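This report concerns only the one structure given below.
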Amino acid sequence: MIQLRYPWVLLALGQLVCSFAVIPRHQPDRSENLGVRKEWGEMLPKERIGYTNAVLCLQNLPNQVPTAEYPGVRSRFDDFVATHINYTLHTHYSGLFLPWHRRFIWLWERALREECGYQGYLPYWDWPLWADNLAASPLFDGSETSISGDGEYNPGEQNMSGGDVTLLRGSGGGCAKSGPFKDMKVHMGPFPGSLTSTTEIPAPRFEYNPRCLNRSLNDFVSSRYTNSTLVSTLMKASKIADFQMVLDHWPPREDGVLGLHGGGHFSIGSTLQDLFGSSQDPAFFLHHSQIDRLWAKWQDAGANRRNALNGTSTIMNPPGADLVTLNTMMEFGYLDSPRPVHEVMSPLANGFSYVYT
Ligand SMILES: [Cu+2]
């Protein structure tokens, strides 16, 4: 009851002090459709199937990125893959990570709705709900209302080591064995696991290399690196730099400890692990929807957070790289015209109109 009354108290105060400058609250424009992005398990089975059908639809629509220049691009879905590869060296472990991915996943949501008739909004993967048992989650249980689950068991999948930390291998390691993306093909990558240049996109760049969606559910990783303790630490960050640190251990830690962002990427198999090519796993967009959700909630939770930025526009922020400001332009290739960072700092402005549950 107290929770319900509270906004009314604020409203009354707002009326009393209306002659003073009132901080604008982030209210959606009522003339626009407010999108509600839901957690996967909150969606009805038919809504989930609506989403995966729309993703499959994008995989069957013609690409707009030219195959002559980007040979691996074979569908509208691949337009998003190539764009992600193309800007990876600017938009990860950098000051552009949060703003760029906010726009990128919104463009994806818009394509699903406008080009494939999807009626809902982008779902999110609330990691801690399933961190101890991914295979039991509605997202990854492998049913037709999941986004496909584990892969076939591959005896060749290895544990991963970095510094002092060993990440045990997952339970699959082969092709996704059931669910809507069982037969899908990814067309680009794989990219090398370590970065050798901050300026050159590594081989195989945009080469065509069709293969299956790799999955290996990994509770060892998800329970350690995507749990509720880490999410509450993230939300308690007082500065954007601290927020980025919990998300990404930025710069990444030599000892192999992952941030929440990396934790999600390493939880379900090698397709999603691929820094450049990760958007080929349909889970990518739900993972980044969760990151965007937590950023949006963090932005709403304190003064001076709305426009807080930190870092440069180059991966790992090498010395001399340009600092990101509200006026830094972000590029989206064939997907969209370049956008200044200030346009994406609120989910309720400049053409965005969405909230998260
Ligand atoms: Cu990314």
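The values are calculated or read from the model by the stated rules, or taken from the named source; none is laboratory data. What you see is a predicted model, and the numbers here were worked out from it, not measured in a lab. Reconstructed Cβ throughout: ideal geometry from the backbone, glycine too, with neighbour counts over all protein chains shown. The protein model used for the area step is the full one, side chains on, heavy atoms only, and it has no ligands, DNA or RNA in it. Shrake-Rupley method; radii C 1.70, N 1.55, O 1.52, S 1.80 Å.
Quick look at the values:
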| read-out | value |
| --- | --- |
| 0 to 90° range, to nearest 10: angle between helix 2-16 axis and the chain longest Cα axis | 50 degrees |
| Using a Förster distance of 41 Å, the FRET efficiency for Lys185-Ser228 (Cβ separation, nearest 0.05) | 0.70 |
| q = 0.17 Å⁻¹, the stretch 254-357: log10 I(q)/I(0) [Debye, one scatterer per Cα] | -1.11 |
| Stokes-Einstein translational diffusion, the stretch 49-176 - Kirkwood Rh over all Cα pairs, 0.692 mPa s, 37 °C, in µm²/s | 191 µm²/s |
| Compactness of the stretch 186-317 as Cα Rg over 2.2 N^0.38 Å, two decimals | 1.12 |
| Packing rank of 242-249, 80-87, where each peptide gets the mean count of other beta carbons within 10 Å, highest leading | 80-87, 242-249 |
| With DNA, RNA and ligands ignored, accessible area of Trp295 (1.4 Å probe; Å², nearest 10) | 0 Å² |
| Residue (of Thr88, Tyr124, Asn63) at the positive-pole extreme of the stretch 32-356, dipole from beta-carbon charges | Tyr124 |
| Cα convex hull of the stretch 158-230 - mean projected area over all directions, nm² | 7.1 nm² |
| Taking N as its residue count, the alpha carbon Rg of the stretch 104-182 over 2.2 N^0.38 Å | 1.38 |
| Within the stretch 69-87, backbone nitrogen closer than 15 Å to the virtual label 7 Å beyond the Cα of Glu207 toward Cβ | 70-73 |
| Segment Leu34-Lys236, extension gain: residue separation times 0.36 nm, minus the distance between their alpha carbons | 70.0 nm |
| Difference of contour (0.36 nm per residue) and Cα-Cα distance, Asp132 to Met329 | 66.9 nm |
| DSSP bridge orientation in the chain - percent antiparallel, rounded to nearest 5 | 75 percent |
| Eligible lysines near Lys297 by straight Cα distance, threshold 17 Å, same-chain separation 8 or greater | Lys38, Lys236, Lys239 |
| Solvent-accessible surface (1.4 angstrom probe) belonging to Phe97, in square angstrom, nearest 10 | 10 Å² |
| The chain - accessible surface per residue (Å², probe 1.4 Å) | 46 Å² |
| With DNA, RNA and ligands ignored, accessible area of Glu114 (1.4 Å probe; Å², nearest 10) | 140 Å² |
| Calculated diffusion of the stretch 32-356, Stokes-Einstein form, Kirkwood radius summed over Cα pairs, 20 °C and 1.002 mPa s, µm²/s | 109 µm²/s |
| Solvent-accessible area, 1.4 Å probe, carbon plus sulfur percent, for the chain | 54 percent |
| Accessible-area order (highest first, 1.4 angstrom probe) of the listed residues Thr229, Thr145, Thr325 | Thr229, Thr325, Thr145 |
| Given charges at beta-carbon only (K, R positive; D, E negative), |dipole| of the stretch 32-356 in Debye | 360 debye |
| Partners for Lys46 among aspartates and glutamates (Cα-Cα distance below 14 Å; same-chain residues under 8 apart left out) | Glu144 |
| Spacing of the two label points (7 Å from each Cα toward its C-beta) at Tyr153 and Glu115, in nm | 4.0 nm |
| By average C-beta atoms within 10 angstrom, highest first, the peptides 136-142, 336-342 | 136-142, 336-342 |
| Contour minus Cα-Cα distance for Glu69 and Lys177 (0.36 nm per residue) | 35.6 nm |
| Reachable lysines from Lys185, criterion Cα separation under 17 angstrom, eight or more residues apart if same chain | Lys177 |
| Listed residue (Ile49, Trp298, Asn227) projecting farthest to the positive dipole end of the stretch 32-356, Cβ model | Trp298 |
| For the chain, calculated [θ]222 nm from helices alone, where every DSSP H run of n ≥ 4 adds -39500 (n - 2.57) | -10500 deg cm²/dmol |
